[in-house]
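Everything below concerns the one structure shown next.
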Amino acid sequence: CIRDRVSTQSTWELKFTNSRRVRRQFKMVYVKVVKNSVYFSRFQVKWRRRREGKTNYARRMKLVTQRKNKYATPKYRIVVRVTNRDIIAQIATAKLCGDVIHASAYSHELPIHGATCGLTNYAAAYATGLLVARRMLTKIGLAAKYEGVVKANGEDYLVEPEDNARRPFKAILDTGLHRTTTGAKIFGVLKGCLDGGIDVPHSEKRFPGYSKDRGEVDTEAHRKRIFGVHVADYQKKLQREEPDKYKEDYSQYIKNGIGPGQVEQMWADAHASIRKFPKAKLLSETFKC
């Protein structure tokens with residue numbers, strides 16, 4: 001094999017230690033080419049989704065591994081993925097053949113329930129989580145027993161089992177490669193699932209409005225995020241200061257006739273429609289037709 005030899009010429013350095021001059025000699029080590037034919041003959045290619053940067057298999061193994069004394073009981077995960085134009089929420093279990101999706105919801109389905117604008121913000125994330133939760137509970141027959149929080153208030157909610165009834169449906173949050181920063185949209189999906197009646201182990205420290213100094217969540221600030229009040233406030237500011245920018249940034253709101261004063265009501269109506277028609281796939285199946 002070809003070797004890259006490096007000069008072994010000595011270099012000298014003078015250092016002063018305890019008022020005495022000490023001369024030390026350093027020799028540069030021999031370096032050879034590592035990526036030779038022997039290296040490539042033993043190289044093991046990583047899995048495709050690892051090469052593409054799509055899956056962290058160390059984290060996935062912790063999420064999908066089930067205890068053996070549970071005898072192959074499904075371990076449900078709420079898989080949340082956020083793209084530039086969509087928010088995806090799925091309830092999945094892992095099998096040898098791959099993941100099995102039991103229920104799914106997308107933010108591009110929200111116009112069916114009356115939310116026609118802002119389909120990638122925190123309010124849309126909450127509505128998407130609420131939609132997938134109600135769909136899953138309706139599918140397994142627990143929608144009537146575990147309604148969750150009918151009217152969102154921004155407060156933390158824990159699903160408690162009822163007496164003489166089936167236990168609540170439990171799932172864990174799968175955020176993928178998304179950074180779990182405070183106030184991220186993935187936690188909007190988590191909050192929607194909680195209010196929808198699914199038991200998800202969580203901490204309130206990542207919800208919008210959480211303060212480290214106080215050690216609690218500002219529920220009013222969180223409620224404003226759920227109903228898109230922060231979007232309406234910014235719209236009002238742009239209308240006063242930069243009307244042209246308002247027309248450019250919120251053209252879809254203007255096109256659908258939704259002003260700053262109608263944003264909160266739009267999301268409230270969407271939440272009510274989701275609870276009434278969780279399985280709706282067409283506009284004709286909701287009360288908006």
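For K237, the lysines whose Cα falls under 27 Å of its own Cα, not counting residues fewer than eight places away in the same chain, are K185, K224, K245, K247, K255.
Accessible surface comparison of L130, L96, probe 1.4 Å, protein chains only, largest first: the order is L96, L130. Residues in the range 201-212 carry Karplus couplings, in order, of x, 7, 10, 7, 5, 9, 7, x, x, 6, 10, 5 Hz; the curve used is 6.51 cos²θ - 1.76 cosθ + 1.60 with θ = phi - 60°, and Gly or Pro positions show x. Working note: Karplus 6.51/-1.76/1.60 with θ = phi - 60° gives the range 95-112 the couplings 10, 4, 7, x, 6, 10, 8, 9, 7, 8, 8, 10, 5, 6, 8, 5, x, 4 Hz, where Gly and Pro are set to x. Within the shell of other residues whose beta carbon sits under 12 angstrom from the beta carbon of R275, the net charge comes to +2, with Lys and Arg scored +1 and Asp and Glu -1.
Taking the longest Cα principal axis of the chain as reference, the axis of helix 229-241 is set at about 90 degrees. Measuring nothing but protein heavy atoms, the accessible surface of the range 94-187 at 1.4 Å probe radius is 51 percent carbon and sulfur. Qualifying trypsin sites (Lys or Arg not before Pro) in the range 241-288, where qualification requires a DSSP coil assignment and no more than 11 other C-beta atoms within 10 Å, comprise K279, K281. For the chain, the longest principal axis of the Cα atoms and the long axis of helix 122-140 meet at an angle of about 70 degrees. Based on protein heavy atoms only, the chain ends up with 64 Å² per residue of surface accessible to a 1.4 Å probe. The long axis of helix 186-196 is offset from the longest Cα principal axis of the chain by roughly 40 degrees.
Across the accessible surface of the range 198-289, with the other protein chains kept in place and a 1.4 Å probe, carbon and sulfur atoms take up 46 percent. When the Cα positions of V189, Y234, Y210 are compared along the charge dipole of the range 184-239, Y234 comes out farthest toward the positive end, with charges on each C-beta of Lys, Arg, Asp and Glu. For the range 136-207, trypsin sites (Lys or Arg not before Pro) meeting the loop criterion (DSSP other than H, G, I, E, B) and having at most 12 other Cβ atoms within 10 Å: K151, R166, R179.
Taking chymotrypsin sites (Phe, Trp or Tyr not before Pro) in DSSP loop states with no more than 11 other Cβ atoms inside 10 Å as exposed sites, the chain has its longest site-free stretch at 72-289.
The values are calculated or read from the model by the stated rules, or taken from the named source; none is laboratory data. Because the structure is predicted, anything quoted here is derived from the model rather than measured. Cβ atoms come from the backbone with ideal geometry, glycine included; neighbour counts cover every protein chain shown. Each accessible area value is taken on the protein alone, full model and side chains, heavy atoms only, with ligands, DNA and RNA left out. Shrake-Rupley method; radii C 1.70, N 1.55, O 1.52, S 1.80 Å.
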